[in-house]
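The values are calculated or read from the model by the stated rules, or taken from the named source; none is laboratory data. The structure presented is a predicted model; accordingly, all values stated were derived computationally and were not measured. Positions of Cβ are generated from backbone atoms using ideal geometry, with glycine treated the same way; all protein chains shown enter the neighbour counts. Protein only, heavy atoms only, side chains kept; ligands, DNA and RNA dropped before computing areas. Shrake-Rupley method; radii C 1.70, N 1.55, O 1.52, S 1.80 Å.
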There are 4 protein chains.
Amino acid sequence: MISPIRIAVLGASGYTGADLVRLALTHPNIEIAALSANAKAGQTMASVWPHFAYVPLPMLTRADEIDWGSIDVVFGCLPHAASAALLSEVIGPRIIDLSADFRLREAATYAEWYDGAHAAPALLDHAVYGLTEFARAALPTARIVACPGCYPTAVLLGLLPLVEARAIGAERITINALSGVSGAGRSLKEANLFTEVAEAVHPYAIGRHRHMPEIEQELSQRAGQAVTVSFTPHLVPMNRGELVTMVVETNCDVAELHGILEHRYAAEPFVHVLAPGVAPATRMVRGSNHAVVNVFADRVPGRAIVIAAIDNLVKGSSGQAIQNMNAMLGLPETTGLQAAALFP
Amino acid sequence: MISPIRIAVLGASGYTGADLVRLALTHPNIEIAALSANAKAGQTMASVWPHFAYVPLPMLTRADEIDWGSIDVVFGCLPHAASAALLSEVIGPRIIDLSADFRLREAATYAEWYDGAHAAPALLDHAVYGLTEFARAALPTARIVACPGCYPTAVLLGLLPLVEARAIGAERITINALSGVSGAGRSLKEANLFTEVAEAVHPYAIGRHRHMPEIEQELSQRAGQAVTVSFTPHLVPMNRGELVTMVVETNCDVAELHGILEHRYAAEPFVHVLAPGVAPATRMVRGSNHAVVNVFADRVPGRAIVIAAIDNLVKGSSGQAIQNMNAMLGLPETTGLQAAALFP
Amino acid sequence: MISPIRIAVLGASGYTGADLVRLALTHPNIEIAALSANAKAGQTMASVWPHFAYVPLPMLTRADEIDWGSIDVVFGCLPHAASAALLSEVIGPRIIDLSADFRLREAATYAEWYDGAHAAPALLDHAVYGLTEFARAALPTARIVACPGCYPTAVLLGLLPLVEARAIGAERITINALSGVSGAGRSLKEANLFTEVAEAVHPYAIGRHRHMPEIEQELSQRAGQAVTVSFTPHLVPMNRGELVTMVVETNCDVAELHGILEHRYAAEPFVHVLAPGVAPATRMVRGSNHAVVNVFADRVPGRAIVIAAIDNLVKGSSGQAIQNMNAMLGLPETTGLQAAALFP
Amino acid sequence: MISPIRIAVLGASGYTGADLVRLALTHPNIEIAALSANAKAGQTMASVWPHFAYVPLPMLTRADEIDWGSIDVVFGCLPHAASAALLSEVIGPRIIDLSADFRLREAATYAEWYDGAHAAPALLDHAVYGLTEFARAALPTARIVACPGCYPTAVLLGLLPLVEARAIGAERITINALSGVSGAGRSLKEANLFTEVAEAVHPYAIGRHRHMPEIEQELSQRAGQAVTVSFTPHLVPMNRGELVTMVVETNCDVAELHGILEHRYAAEPFVHVLAPGVAPATRMVRGSNHAVVNVFADRVPGRAIVIAAIDNLVKGSSGQAIQNMNAMLGLPETTGLQAAALFP
């Protein structure tokens, strides 16, 4: 065994922070060295999280109390803006950021979509966009890895191979997305109360969700031309899970498209192209780092329907972060991430 | 008060049948005269339905035991094929059918999508497609009213005014639909068990759902040209509710589209165009006959997003059936349907 | 028709206030004259509530802006303490309070359980404890009606007839209670977020819930001796509904107990004793003012299990409040409350 | 590493069978050698289970096709009666049975509660009741391990230490139990449809659940006297999880009771006595083999409230089965079971 990787989790009182800790607990090479949550500093994780009520973990501290010199890898699980501000002061450890701050390459685009100037624009050039399956070459030397947003992860896993193969059009990509409520975080908003969400469904951020520029940036780069997507996310009464249904223009038949996906992901441990006709479902991947993808014929000539599902907190966030750490440090990518999906 | 309208509900052991009975119980002009369910004939509604455990109702009988001469209106809540076979023998009462059997005008289209020849093709010419807001003129003299499917109801309420106004293109209409589980009926399928559906979401009948030809038939007729839609339904872990998100091509700006919808529905008691920017949600209409509609700008030039929500069992089924009966018999359309939505 | 009853709802931004408005909308004799919510004064109900997004209603005001002289009945839907403080200044209208402030007869008991002195102890003598089925005689002349808590409503409907008949022991009554999340109100607490509650269950306020003294007060009065109960409430992932399972000591067999309940409730429109062996369930009463009750033999000799279910927001709160108003003003008790339960 | 343990899972098309496979997949010493499901023989696990859609696993076979000589451990995940009938023919492998067939020591009691004579009464003497924490000494030499029922697991973990210490009375133990829907299995019953269960709660098998004699058998043995319990289970709208609330008679104060539990479980890896005042919750243990327990003061003198929570499919079934296998074969008990709980 290699010597333990000492990690710090910044923002351990949020859902992505907690899920990162959950996964780290059974990762054979990780030692959880520090957990920060400024507003809850001094509290135990046991008092903040039901599922850690009986788990020995370091006390929550303020981020500025962490001795960076003792840390190998920092996981940033903070809200955007706060993340860049803090991480710009972290010298020494490798950084894996789960916020939106290092995903967009252009500071101007960031400023437009995230309501303000970027806190650390100089760092943008040092960041690798960490959709692991498409970022491997760059990870071992990356100083900062920007983990993709949950929606972009699902969308890109479904579309990137098809875009790269020029098998689908760069225009008129229509994405409909469904997310569990954990995607909204643990902050106190009336809209996230059980009674507002249960036994109901609704769209939100219609036509203006912050994950749109990120999706377009990555698709455009691979397509070699500008891609613009229609994107409508919906909130579904479930804790975890994300499913994207994407109608695309294509001259290929569905078997060709399926073949492209299957070929691209044949060796991937976490991305699974389902047998023809099998519909992706969030229950296939709940609680796991797996993603499922498939493509279907549409009755409308010249169209196909690509569908992908992930657990938004795992492959869409904390699991992919650990997968990136594994790749960054030369561990097998599946280390600590082998749990099967939880069903029912 | 007019003398009571004596109704028979065929298929009272299914969810649409039960919801029709629920609404009929507080309709001031309805007398529930007969309830049929061949497989459960001889049982009480109290033994078949939890919410009728304490409600006095006629015993379930076989349909062939009903004295049609004593019935004013028959509500058909049977599965397709069984419905047409039975209703073709009903002489006397007015017929309001909630199955798919009289929705499609062409028997050939029916045969293609519903796995077999139509059981009573001669009756198709006597049927009125009962999307009430667009069918009023024909209802008073209709012998058979075919209540629209739940998805077509939501889709058409959102799109018909825009199609009629030539404000949106007839091509490239992309519909994403979300439905509660009651849409799948009360039949015993593993796929509908709580444990298979809860805390999860998945698409089904991708690109081949039976409501597609019905949607296209009605859109094409109003558009004056063939319309083909991409349609992907998803199962959401909630009992009731349906929401459709429709990306359309348009040369109009969103204010114009909103104005068209608002103008069309200004006098409608059950269809509500929300204020600009307010997202339709199933929780707005749960348990009620109301529908909510709105339209949003897309970032992609030349596109807009139309969204509509209904309760699939009420406006999408039994409520609209009663609304049709009211219109057919000259009662105010809102009679017995005035309950506000149930939230939370 | 009698002239409209002009009502004011204080606290119309909470769930009980909203459900009172929902029911008032279809009450044939009610005119909604004023709606208050101090923190949201100036906002529309449409902006505060999804299901009123399209319903014309008075603007929210501050309570002190209401002209009491124009109001016939005030419904208090405020938190405890705030309610008594405000209602003590209401002169003129009849008062129906849904808070805890006028339920306990002793100001000292109130102070002990509700963290502070009662704001208007002089009014306690003017209050009638409004469990309608047991309070009818006093309602027509009551100045203030204190609507029972949701748990006490379910518990008392199950136990009072048995206690009055001396059919069960006054000791060792063990109550286990299950509630939907709306019972926790619409306030912003992490504990009520969807993600904290869904796909989970837990007890709370174990052995110290504020409804205990209220239950004991009413049981003791009818029993003619002190009654102390064990009471453990649990939060269940559903919006509405409440079910209490009560193990009691008895020398009677279950048929006798069933007979006592049946006899007592034979003429009641809203309380239903189920057939022997049929288990009460919240789905039997969802969204309605109905209550279901039954009693079961226990294998332990000398014990029986009494079970009752209600919708916590209707019979457990706003529905019972309107039932009380009906009784107070001489209307048929069922006026405006006849909707059947919503299932599924 | 020891050589792989080759296991067969009988009944791999049910929820306990599937959860056993899920856990076995990441157990470092297990090789899944055979999976049976007579009604689905010849199908793949991928076609039967959504979460195994992309997992390579042996094809489902008939049980009588398994070569017992090649199997080290058989896990019986069959319904009662079928299990004993089949397992009586298994010669060679160690047997871990998850059905009810080997839990009751007396064939007569079994016959009374399980509707028929025991299929293999001669084997009862060879069976160890496998509540691991209380069965360790007997496991290494056991031929058959009978895994406890899910309710008994939770109840006994909460009560056995208190009964052994004579700290609580053997009479008047009142147990209220809440279970997720997976406890009902994957069989097609109307009662388990999503729409019948969601947004609702109800009791079932009131006073006559089959887990009662099992609970009483184990409590009586440890108490040294006959124990009879009142037991009422309820179905809660969640997939997994079980919580029992038990009111007991005691002369001890709650600190003493807490101390007894804490002392008993201090060294246990899976049973956690929470800090005083912290309420057990199913979300603390979801998807994991952990159990949480606590005890609370009741306001009624001489009573206390003991509460325990588990995941019914893991510690209440398949997880405990693997824990038993580990103990039986001399592996560390936590092998393959270290995953933390999944929250949210």
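Where in region D:190-266 are the helices (runs of 4 or more DSSP H), entirely inside, with at least 2 residues that are free of Cβ contacts under 8 Å to residues at least 40 places away in the same chain, within 8 Å of chain C (Cβ to nearest Cβ) and under 23 Å from the mean Cα position of the chain (by Cα)?
none
Please specify each residue of region B:48-82 satisfying the condition of being within 24 Å of residue B:113 (Cβ to Cβ) and surrounded by fewer than 24 Cβ atoms within 10 Å (Cβ to Cβ).
Answer for region B:48-82, where residues must be within 24 Å of residue B:113 (Cβ to Cβ) and surrounded by fewer than 24 Cβ atoms within 10 Å (Cβ to Cβ): B:79, B:80, B:81, B:82.
Only one of B:171, B:112, B:106, B:89 is among the charged types (D, E, K, R) and either outside the structural domain of residue B:36 (by TED's automatic domain parsing) or within 23 Å of residue B:331 (Cβ to Cβ) (or both). Can you tell me which?
None of the other options fit; the residue is B:171.
From the list C:304, C:341, C:321, C:279, exactly one residue is over 21 Å from the mean Cα position of the chain (by Cα) and open to solvent by less than 20 Å² (accessible area, probe 1.4 Å). Which is it?
Going through C:304, C:341, C:321, C:279 in turn, just one is over 21 Å from the mean Cα position of the chain (by Cα) and open to solvent by less than 20 Å² (accessible area, probe 1.4 Å): C:304.
What number goes with the only condition from (1) farther than 19 Å from residue A:238 by Cβ; (2) in contact with a Phe, Trp or Tyr (Cβ under 9 Å, 6 or more places away or on another chain); (3) in a strand (DSSP E or B) that residue A:307 does not pass?
The failed condition is (1).
Quick check on my filter: what residues within region D:288-301 are open to solvent by 10 Å² or more (accessible area, probe 1.4 Å) and more than 8 Å from chain C (Cβ to nearest Cβ)?
Hits for region D:288-301 are D:290, D:301.
Residues B:164, B:106, B:133, B:112: which one is within 14 Å of chain A (Cβ to nearest Cβ) and of a type outside the set (A, V, I, L, M)?
Residue meeting the stated conditions: B:112.
Considering each of D:334, D:282 in turn, give the residue that is within 9 Å of chain C (Cβ to nearest Cβ) and of a type in the set (S, T, N, Q).
Residue meeting the stated conditions: D:282.
Which condition does residue B:40 not pass, out of (1) open to solvent by 30 Å² or more (accessible area, probe 1.4 Å); (2) at positive phi, if it passes all the others?
(2)
Which one of these is without any contact (Cβ under 8 Å) to a residue 60 or more places away in the chain and within 26 Å of residue C:234 (Cα to Cα): C:300, C:293?
C:300
Residues of region A:140-180 being free of Cβ contacts under 8 Å to residues at least 60 places away in the same chain and surrounded by 18 or more Cβ atoms within 10 Å (Cβ to Cβ), which ones?
A:144, A:146, A:170
Would a scan of region C:168-177 turn up a residue that is more than 10 Å from every other protein chain (Cβ to nearest Cβ), among the polar types (S, T, N, Q) and not in a helix (DSSP H, G or I)?
There is no residue in region C:168-177 that is more than 10 Å from every other protein chain (Cβ to nearest Cβ), among the polar types (S, T, N, Q) and not in a helix (DSSP H, G or I).
Could you grab me the full set of residues in region A:1-46 that are part of a helix (DSSP H, G or I) and more than 9 Å from every other protein chain (Cβ to nearest Cβ)?
Matches in region A:1-46: A:16, A:17, A:20, A:24, A:38, A:39, A:40, A:45.
Considering only region D:148-179, state which residues are in contact with a Pro (Cβ under 9 Å, 6 or more places away or on another chain) and at pLDDT below 95.
Correct list: empty.
Taking region C:282-301, which residues are of a type in the set (A, V, I, L, M) and within 24 Å of the chain's Cα centre (by Cα)?
C:284, C:285, C:291, C:292, C:293, C:295
Answer yes or no: is there a residue in region C:181-188 that is open to solvent by less than 10 Å² (accessible area, probe 1.4 Å), at the interface with chain D (Cβ under 10 Å from one of its Cβ atoms) and touching a residue at least 60 places away in the same chain (Cβ under 8 Å).
Among the residues of region C:181-188, not one is open to solvent by less than 10 Å² (accessible area, probe 1.4 Å), at the interface with chain D (Cβ under 10 Å from one of its Cβ atoms) and touching a residue at least 60 places away in the same chain (Cβ under 8 Å), which makes the answer no.
Determine, yes or no, whether residue B:245 is hydroxyl-bearing (Ser, Thr, Tyr), more than 26 Å from residue C:336 (Cβ to Cβ), modelled with pLDDT of 95 or more and open to solvent by less than 20 Å² (accessible area, probe 1.4 Å).
Here the answer is yes, as residue B:245 does meet what is asked.
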